[in-house]
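Reading through the structure tokens given below for one structure.
Quick note: the coordinates plus some simple rules give every number you see, no bench work behind them. Nothing here was measured: the structure is a model prediction, and the numbers come from that model. Glycine gets a Cβ as well: all are built from the backbone with ideal geometry, and neighbour counts include every protein chain shown.
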Amino acid sequence: MSPIKRVTLFKIPNVAHQDAILEQYKTVKQTGLKDGKPYILSVSAGKTIAKEDPRSKGFNLFAITVFATLEDMNFYDTECSAHKALKAVAAGKIEDIMTVYTESVTDD
């Protein structure tokens, strides 16, 4: 079974708000605990580069979070204190958001 990759795209107009959310993402892997143990396999987040590319549709920040199982991702969504802290920082700052998650068929 391949890991679950969750990709989230954000439209956040204010650069200071982008920076605050990215600062929070820097701690999610270390502070996200399930049954007292780290469970998030990896987190990658940053600002998009091609701001003028029409394919970006205005999304200017991304996060890729990887979990061992769908159950772990669902825990992240509903119970993880690190994710709740991230959502608290992001509250009221996001113009739009899109999240998809997948089990890749091409990973090595």
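Restricting attention to segment 79-102, which residues are among the hydrophobic types (A, V, I, L, M, F, W, C) and either within 16 Å of Lys5 (Cβ to Cβ) or part of a loop (DSSP other than H, G, I, E, B) (or both)? Before you say what the answer is, go through the steps one by one.
Kept after step one, since they are among the hydrophobic types (A, V, I, L, M, F, W, C), are these residues of segment 79-102: 80, 82, 85-86, 88-91, 94, 97-98, 100.
Correct list: Cys80, Ala91, Ile94, Met98, Val100.
Within segment 1-24, track down each residue that is in contact with a helix residue (DSSP H, G or I) (Cβ under 8 Å, 6 or more places away or on another chain), over 18 Å from Glu71 (Cα atoms) and β-branched (Val, Ile, Thr).
Ile12, Ile21
Can you pull out every residue in segment 35-74 that is among the aromatic types (Phe, Trp, Tyr) and either touching a His at 6+ places or on another chain (Cβ under 9 Å) or closer than 20 Å to His17 by Cβ (or both)?
Phe59, Phe62
Among residues belonging to segment 11-21 that are of a type in the set (A, V, I, L, M) and surrounded by fewer than 16 Cβ atoms within 10 Å (Cβ to Cβ), point out the one that is nearest to the chain's Cα centre (by Cα).
Checking each candidate, the answer is Ala20.
Just wondering, is there one or more residues in segment 57-75 that are surrounded by 14 or more Cβ atoms within 10 Å (Cβ to Cβ), under 16 Å from Tyr101 (Cα atoms), of a type in the set (Asp, Glu) and more than 10 Å from the chain's Cα centre (by Cα)?
There is at least one residue in segment 57-75 that is surrounded by 14 or more Cβ atoms within 10 Å (Cβ to Cβ), under 16 Å from Tyr101 (Cα atoms), of a type in the set (Asp, Glu) and more than 10 Å from the chain's Cα centre (by Cα).
For segment 23-53, name all the residues that are in a helix (DSSP H, G or I), surrounded by 18 or more Cβ atoms within 10 Å (Cβ to Cβ) and without any contact (Cβ under 8 Å) to a residue 60 or more places away in the chain.
Val28 - this is the single residue of segment 23-53 that is in a helix (DSSP H, G or I), surrounded by 18 or more Cβ atoms within 10 Å (Cβ to Cβ) and without any contact (Cβ under 8 Å) to a residue 60 or more places away in the chain.
Failed condition for Val105, given (1) within 24 Å of Met1 (Cα to Cα); (2) surrounded by 13 or more Cβ atoms within 10 Å (Cβ to Cβ), with all others met?
That leaves (2) as the condition not met.
Tell me yes or no: at least one residue of segment 59-78 is over 14 Å from Ile4 (Cβ atoms) and either part of a helix (DSSP H, G or I) or out of contact with any strand residue (DSSP E or B) (no Cβ under 8 Å at 6 or more places or on another chain) (or both).
yes
Is it the case that some residue within segment 10-21 is without any contact (Cβ under 8 Å) to a residue 12 or more places away in the chain and closer than 20 Å to Thr102 by Cα?
Going through segment 10-21, the residues without any contact (Cβ under 8 Å) to a residue 12 or more places away in the chain turn out to be 15-16, 19.
Remaining after also requiring closer than 20 Å to Thr102 by Cα: none.
Checked segment 10-21: no residue is without any contact (Cβ under 8 Å) to a residue 12 or more places away in the chain and closer than 20 Å to Thr102 by Cα.
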